[in-house]
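J.: Let me begin by handing over the structure; questions about it come next.
The values are calculated or read from the model by the stated rules, or taken from the named source; none is laboratory data. Computed from a prediction, not measured in an experiment: that's the story for all the values here. Every residue, glycine among them, receives a Cβ derived from its backbone with ideal geometry; neighbour counts consider all protein chains shown. For accessibility, only protein heavy atoms count, side chains too; no ligands or nucleic acids. Shrake-Rupley method; radii C 1.70, N 1.55, O 1.52, S 1.80 Å.
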Amino acid sequence: RGSGQGRSGGMTLPVNAGVNGDTVAKAPRRITPQAVVDDDVATGSPGRRARQPSAKALDAVPDKRARLDDTPRNGHRADDDQFMLQLRAFFQEKLDGRALKVPMFCRHPLDLGRVYAEVVARGGYKAVCDARRWKEVSATLGHDLTGQTSAGFQMRQNYERCLLEYEFAEHGLSLELVPDAIANNREWAAKWNRTKAGGTPRPAGGIARGPTPDVGLGPAPPLCNLNLDKARFNAAYNMDDADERKVALALGLYDAVEPFELNFLFPGADLGVYITVRNSVLCRWRANPNHYVSVEQACSWFMPKHRAVVHCAHRFLTVAGYVNFGVGFTGNYPAPGEAKGTVVVVGAGFAGLAAARQLQCLGHRCVVVEARDRAGGRVWTERLEGVDPETNERVVAACEMGGSVLTGADGNPVAVIAKQMALPFWKIRDECPLYLEDGEPVDAETDKRVFREFEDCMNEVGEKRNRLTETDEHGADHLSLGRELERTWAEKARAGNKPQMETDLFNWHLANLEFANADRLEVLSLGQWDQDDPYDFDGDHVWLPGGNVRLVSAMARELPIFYGHAVTHVEYPAPRSDEGPNGLAHEGVVVTCKNGREFRADAALVTVPLGVLKKGSVSFEPPLPERKSRAINALGFGVLDKVILLFPKPFWDMSVDTFGYVTRGDRDRRGRYFMFYNYAKTEEHHLSGGAVLIALVSGEAALEFERSGAANAVAETMTVLRRIYERRGVTVPDPIDSKCACWGTDEFAYGSYSNISVGATGEDYDALAEPVGDGLYFAGEATMRRHPATMHGAFLSGMREAARISERMRELNKAGRLAR
């Protein structure tokens, strides 16, 4: 994938090259598709509304067996080439003299000889179907496929009508097998799409959530990535329906349309056509996110008869923040105030900034109230500076005190904004050498063996979870992940008489797992701790050179943010179950700050961290519903701390981005400085601008770090570094600047990020995300069930609530109930 090359025999050819290697010129005219018809059968999740193509759409698909017509066209024509003469003779002799009708493709008669040669060169009908290369075959004919969402589907149908039987005869196969071949391909394609809709299988030991893939399908066929120039919208667009569906699924847009999305459709809309159009518009904008896609431009990609559906898809994608979001599009949106409904956003973190920016783009007036003197919340880039004692030069660098890693760059909305700003990425390299407490490097074979045994323990614990959930879905929710892992390892260690060093290595892997969840493993739910894994974005984990502050600054630009305003109280209208569409006027909300200032609006969006809600720093009147209060108490919210050091120059191995430190003996200290991030400036990238190392502190060690304070943290970290490097003859200088991040004692966070503790479930994320009445809404990473504990999860939750608020304000305004 990603090579941009097609295959023909043993030669590598350009994607628009024929079997002879000649590049085909594109036809000058763009032809819209004859019909927007979905290529495969798709099924949704249980309880969701499945797509149902209309009778009109089904009528547009000819009967697969109706390959011939009754008109006398089977005689030889003056312009027939040798292949067409053979094909017509085959129809006369083998198919009872039925007439061969040459189909039209992009308003031109289809060159059947060329099509047959291209398909055979790619291995024949079955190989092209399995590899889903019909769009590639279409591209070799020289037609401009801009707007052709179903070109591959139409090409396959034409081949089945006119050439499949000829192929079977040429290869000595019985013509009676042709219907079975067509049927088997349809069945396999349907199963493949159900597999993709349900997500990839979980790793060993994991437990699948949602729809489960069919058993026995084997691996999915390789997708052909044509990889043509997509920088301009008038360039050839080469994603077929399957590629577009894959992108949509990664973003949570399924073939079973959610109720919120259904509200954007008009009665009687064809869901099959709508989903195909929606996915196509989404992917076309993602191909060039620097370009604003208007509804008029989106309509130009499809036939006029689908214009109403395109309007629905474009409005949903824009309001919900799937397209036309980010930075640089303010001139394309209505001015604030053109849409009724005012909003107070509490918190200027990623969720609050995303929501406020989107609400402004949708025409609403909103303000952001932030307790700190800066934007970003738990995404905080700090400045380090000092003087090099040897050269007396001033050294300045950036460091990430909070969220730093962009997890999964493919499809990630935060990565989209970075690309809009032309910001580079630095891929975090996988290699992570480990060092023992005395500074000795861990033997490579021992490291691999212990890691395999750690994975075995994870698998055994996962199998136990699976057994418990067979009879009770929540049978493992009240068990501790940490206790089960340590019990499993203790049994292995006793049986194998393992040395202490291997137990120390196992504890290092547990510390790394605590880092991923920002909490002690003892408090994590065995049944639910990894429930979000199936929804992770693909792609590399990356850092952003220069710091994530660049994203924060761009998102906060032109937003009315009141810094230094800590919210202490939110008064909202109590939900009224008896209120009809023409009920009482909407009362609005009152947001009160610690300094006495009040903000009144139609709605309030609370994006403060879960730790602040747990602490009760913000009170609500009336009190929050029991379901939401229970979710706040049930979800976990742990601590991950950092010690950040700036040196005159690097003294460590610059060929790796991370290295680990294995503590001896004490399990409670396993997470103390267990991993170091290499943030040093190199010739390849200016990640921080200086020689920066970041030490991570997780688990029980992080709680102790918070209790004892950071007074001795720098000295302890330097002791660890000198143990590792001075025994190798490397002089470790003193740092010229340092900082410590202690999120557990931060009064505006009280922790790092959320997790699912013992007794909690993924449903608690949904409960925390639910609005209360018409005036109170919640966002933040702890409200994002599929993407918690991530920067992009916070961003997506803000976009979700902006869409929800905008649509609700629109309904209230139509009912005449808005006062502002």
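J.: Among the listed pairs Lys419/Lys642; Lys642/Lys739; Lys94/Lys135; Lys448/Lys498, which are separated by more than 20 Å between their Cα atoms?
T.: Beyond 20 Å between Cα atoms: Lys419/Lys642; Lys94/Lys135.
J.: For the ranges 536-549, 514-527, 401-414, what's the packing order if you count other beta-carbon atoms within 10 Å of each residue, average per peptide, and put the highest first? Display every interim value, and only then the final one.
T.: Working: 536-549: 19.1, 514-527: 23.4, 401-414: 21.1.
Ranking the peptides 536-549, 514-527, 401-414 by packing returns 514-527, 401-414, 536-549.
J.: May I ask you to give the solvent-accessible area per residue for segment 363-508, in square angstrom, as obtained with a 1.4 angstrom probe?
T.: Numbers: 7090 Å² over 146 residues.
Heavy-atom accessible area per residue stands at 49 Å².
J.: Taking θ as phi - 60°, what are the ³J(HN,Hα) couplings along segment 453-462 by the Karplus curve (6.51, -1.76, 1.60), each to the nearest whole Hz, with x for Gly and Pro?
T.: 5, 4, 5, 4, 4, 4, 5, 5, 5, x
J.: Using 0.36 nm times the number of residues separating Arg664 and Glu170, minus their current alpha carbon distance, what extension gain do you get?
T.: Fully extending the segment from Arg664 to Glu170 adds 170.7 nm.
J.: So, one more: What FRET efficiency comes out for the pair Glu463/Thr745, r = Cβ-Cβ distance, R0 = 51 Å, nearest 0.05?
T.: Values: r = 40 Å, r/R0 = 0.78.
Plugging the Cβ-Cβ distance into 1/(1 + (r/R0)^6) gives 0.80.
J.: Same structure again: Cα gyration tensor of segment 619-715, axes a ≥ b ≥ c as square roots of the eigenvalues: rounded (a/c below 1.5), prolate (a/b > b/c) or oblate?
T.: Details: a/c = 2.80, a/b = 1.87, b/c = 1.49.
Prolate shape, in that a/c is at least 1.5 and a/b is the bigger ratio.
J.: Under 19 Å Cα to Cα from Lys340, which aspartates and glutamates show up? Leave out anything in the same chain fewer than 8 places away.
T.: Glu587, Asp602, Asp774, Glu801, Glu807, Glu811
J.: Further question: In terms of modelled amide H atoms, which long-range or inter-chain residues lie less than 5 Å from the amide H of Gly780?
T.: Long-range HN contacts for Gly780: Ser797, Gly798.
J.: Using the heavy atoms of the protein chains and a 1.4 angstrom probe, tell me the accessible area per residue for segment 685-820 in square angstrom.
T.: Numbers: 4680 Å² over 136 residues.
Roughly 34 Å² per residue, with all protein chains present.
J.: A follow-up question, please. Each residue of segment 158-170 in order: what ³J(HN,Hα) in whole Hz does its phi give by Karplus 6.51 cos²θ - 1.76 cosθ + 1.60, θ = phi - 60°, with x for Gly and Pro?
T.: My calculation for segment 158-170 gives 4, 5, 5, 6, 10, 10, 5, 5, 5, 4, 4, 5, 5 Hz in order.
J.: While we're here: Amide H to amide H under 5 Å from Val395: which residues, 5+ apart in sequence or cross-chain, H placed 1.01 Å off N in plane?
T.: Those lying under 5 Å, H to H, from Val395 are Gly386, Val387, Asp388.
J.: Efficiency by 1/(1 + (r/R0)^6): what FRET value for Gln297 and Asp472, r their Cβ-Cβ distance, R0 = 56 Å, to the nearest 0.05? Write out the running numbers ahead of the final one.
T.: Values: r = 52 Å, r/R0 = 0.93.
After rounding to 0.05, the efficiency reads 0.60.
J.: Please calculate the 1.4 Å probe accessible area of Glu621, with all protein chains present, and give it to the nearest 10 Å².
T.: 90
J.: Still on this structure: By how many nm would the segment from Asp96 to Glu716 grow when fully extended, if each residue of separation counts as 0.36 nm and the alpha-carbon distance is taken off? Walk me through the numbers on the way to the answer.
T.: On the way: separation 620, 0.36 × 620 = 223.20 nm, distance 8.88 nm.
214.3 nm is the gain from fully extending Asp96 to Glu716.
J.: OK, next. If packing is taken as the average count of other Cβ atoms within 10 Å, what order do 752-758, 486-492, 174-180, 719-725 fall into, highest mean first? Working shown, then result.
T.: Details: 752-758: 26.6, 486-492: 16.3, 174-180: 12.1, 719-725: 18.1.
Per-residue Cβ counts within 10 Å, averaged per peptide and sorted highest first, yield 752-758, 719-725, 486-492, 174-180.
J.: Another question, then. In nm, to one decimal, how far is the modelled label at Lys594 from the one at Ser655, with both set 7 Å along Cα→Cβ?
T.: About 5.0 nm, to one decimal.
J.: Is segment 338-487 rounded, prolate or oblate when judged by the Cα gyration tensor, a ≥ b ≥ c being the square roots of its eigenvalues, rounded requiring a/c under 1.5 and prolate requiring a/b larger than b/c?
T.: Judged from the Cα gyration tensor, segment 338-487 comes out oblate (a/c at least 1.5, b/c at or above a/b).
J.: Sequence-distant or interchain residues sharing an amide H contact under 5 Å with Gly636, placed H: which?
T.: Distant-sequence amide H within range of Gly636: Asn755, Ile756, Ser757.
J.: Taking a probe of 1.4 angstrom, what is the accessible area of Phe795 in Å², to the nearest 10?
T.: Near enough 10 Å² of accessible area.
J.: So, one more: Please sort 162-173, 602-613, 764-775 by packing, taking for each peptide the average over its residues of neighbouring beta carbons within 10 angstrom, highest first.
T.: 602-613, 764-775, 162-173
J.: Got a sec to turn the phi values of segment 410-425 into Karplus ³J(HN,Hα) couplings, 6.51 cos²θ - 1.76 cosθ + 1.60 with θ = phi - 60°, whole Hz, x for Gly and Pro?
T.: Values per residue, Gly and Pro as x: 7, x, 5, x, 5, 5, 4, 5, 4, 5, 4, 8, 6, 8, x, 10 Hz.
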